[in-house]
Amino acid sequence: MSRVLVTGGASGLGAALVAQFVAEGHQVLSTDVSVDGPDDGASYLKLDVRSPEDWAKAVEWCEQNWGGLDILINNAGVATGGRIDVESLEEWDRVVDINLMGVVRGCRAFTPVFKRQRSGHLVNTASAAGLVHPPMMSSYNTVKAGVVALSETLSHELHPYDVTVSVLCPSFFRTNLGDSIQGDDTQMGATARQLIEKSPRSAEDVAAGVIAGIKKKQFLIIPDRPALMAWRTKRFARPLYDRQMRKIAARARERAESGNG
Ligand SMILES: NC(=O)c1ccc[n+]([C@@H]2O[C@H](COP(=O)([O-])OP(=O)(O)OC[C@H]3O[C@@H](n4cnc5c(N)ncnc54)[C@H](O)[C@@H]3O)[C@@H](O)[C@H]2O)c1
């Protein structure tokens, strides 16, 4: 039985991970921005990933109640995106603070615990966008690539302490993520929302693949076929990948010039 902390545990992938870990009999601490959490069989703590004080309280909670932690799932995140000359710098700041620095803060808070224990597993939620970088999503792609780089760095750095690191790189799946879109590039926002809402994959599908990868202690967890195909195309068929990306950009330009963008 593992002791598991999930950030962004009140919705989407976080909630699905909490439910599946609880169903398997693990001890789970679900955390999110609200003071009160859902009634899902897990313990709950308010943890805004932007707040170092909340992270300190989470460490204290785990030490007092469990005497440590086995798996930290840095999952909380928001969706952003847009053309580089349309999306505002405030949006960049928001997504860097939550999606990238939120993960950095989590890793920094629990690494001393894991080093002391000589065990632990950091699981960071990036995205397929951390590996392949479609146009008009620069802020989101950049922070998710940052999460991949952070994770790879820590996988080596913490190896001597027997700490495992995984990074999750799923493609679009159905959650409430579209509700977090609030940028100036409304055309791009609408496209991203549609991709999330119309995806054939549910958060539960993705969570099942993620948990299988965690159990195997995989570093790179790519839980669905579209993400895997995109990653392989970039690695092994680069000219095709570039053509696909340029096609997306050309379509966006057409939309913008026809007045629909
Ligand atoms: N849904 C997708 O298509 C998709 C694809 C790839 C990666 N992801 C990533 O998966 C993760 C989970 O997203 P989701 O799709 O389940 O979305 P979601 O909106 O359903 O859930 C995200 C949760 O994070 C919480 N959150 C937001 N800001 C927070 C903060 N500052 N502190 C703590 N919690 C905060 C929200 O309250 C929410 O409960 C995100 O990191 C997202 O980028 C999602």
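The values are calculated or read from the model by the stated rules, or taken from the named source; none is laboratory data. Because the structure is a prediction, the values reported are computed rather than measured. For neighbour counting, all protein chains shown are included, and Cβ atoms are generated from backbone atoms with ideal geometry for every residue, glycine included. Remember, those area values only see protein heavy atoms, side chains included, never the ligands or the DNA or RNA. Shrake-Rupley method; radii C 1.70, N 1.55, O 1.52, S 1.80 Å.
Relative contact order, percent, of region 1-136 when contacts are C-alpha pairs under 8 Å separated by at least 6 residues?
Working: 210 pairs, mean separation 33.2, N = 136.
Here the relative contact order equals 24 percent.
Over the chain, what is the relative contact order in whole percent, taking alpha-carbon pairs under 8 Å and six or more residues apart? Write down the numbers at each step before the final one.
Numbers: 481 pairs, mean separation 46.9, N = 261.
The normalised contact order for the chain reaches 18 percent.
On C-alpha positions alone, give me the angle between the axis of helix 238-257 and the longest principal axis of the chain, in degrees, nearest 10.
Result, in degrees: 60.
Against the globular-protein guess of 2.2 N^0.38 Å, express the Cα radius of gyration of region 65-214 as a ratio, rounded to two decimals. Numbers along the way, then the final one.
Working: Rg = 16.1 Å, N = 150, 2.2 N^0.38 = 14.8 Å.
Working it through for region 65-214, the quotient is 1.09.
Mind putting a number on the dipole of the chain about its Cα centre? Charges go on the C-beta only, +1 for Lys and Arg and -1 for Asp and Glu, and I need it in Debye to the nearest 20. The partial results should precede the final answer.
On the way: 30 positive and 30 negative charges, 264 e Å.
Roughly 1260 debye for the chain.
Quote the charge dipole size of region 127-221 about the Cα centre in Debye, to the nearest 20; the model charges only the Cβ of Lys and Arg (+1) and of Asp and Glu (-1). All intermediate terms of the calculation are to be shown ahead of the outcome.
Numbers: 8 positive and 9 negative charges, 64 e Å.
Approximately 300 debye in magnitude.
Solvent-accessible area per residue for the chain at a 1.4 Å probe radius, Å²?
Values: 12530 Å² over 261 residues.
So the chain comes to 48 Å² accessible per residue, rounded to a whole number.
Explain nothing, just the number: relative contact order of region 115-158, from Cα pairs under 8 Å at least 6 residues apart, as a whole percent. Intermediate results must be reported in sequence, preceding the final value.
On the way: 26 pairs, mean separation 16.8, N = 44.
Contact order relative to length: 38 percent.
Return the tail of the calculated pair distribution for region 150-196, meaning the percent of Cα-Cα pairs more than 18 Å apart.
On the way: 570 of 1081 pairs.
Tail fraction, whole percent: 53.
Name the residue farthest towards the positive end of the dipole of the chain from the options ALA227, GLY12, ILE181, assuming +1 on Cβ of Lys and Arg, -1 on Cβ of Asp and Glu, about the Cα centre.
Ranked along the dipole, the leading option is ALA227.
What's the Kirkwood radius of the chain in Å, using all Cα pairs?
Numbers: mean 1/r = 0.0532 Å⁻¹.
Hydrodynamic radius (Kirkwood, Cα pairs) of the chain is 18.8 Å.
Computed FRET efficiency, Cβ-Cβ of SER258 and ASP85, R0 22 Å: what is it to the nearest 0.05? Intermediate results must be reported in sequence, preceding the final value.
Working: r = 18 Å, r/R0 = 0.81.
Between SER258 and ASP85 the formula returns 0.75.
Indicate the gyration tensor shape class of region 1-121 (rounded, prolate or oblate), computed on the Cα atoms with a ≥ b ≥ c the square roots of the eigenvalues: a/c under 1.5 is rounded; otherwise a/b larger than b/c is prolate and the rest oblate.
Numbers: a/c = 2.21, a/b = 1.58, b/c = 1.40.
Verdict is prolate for region 1-121.
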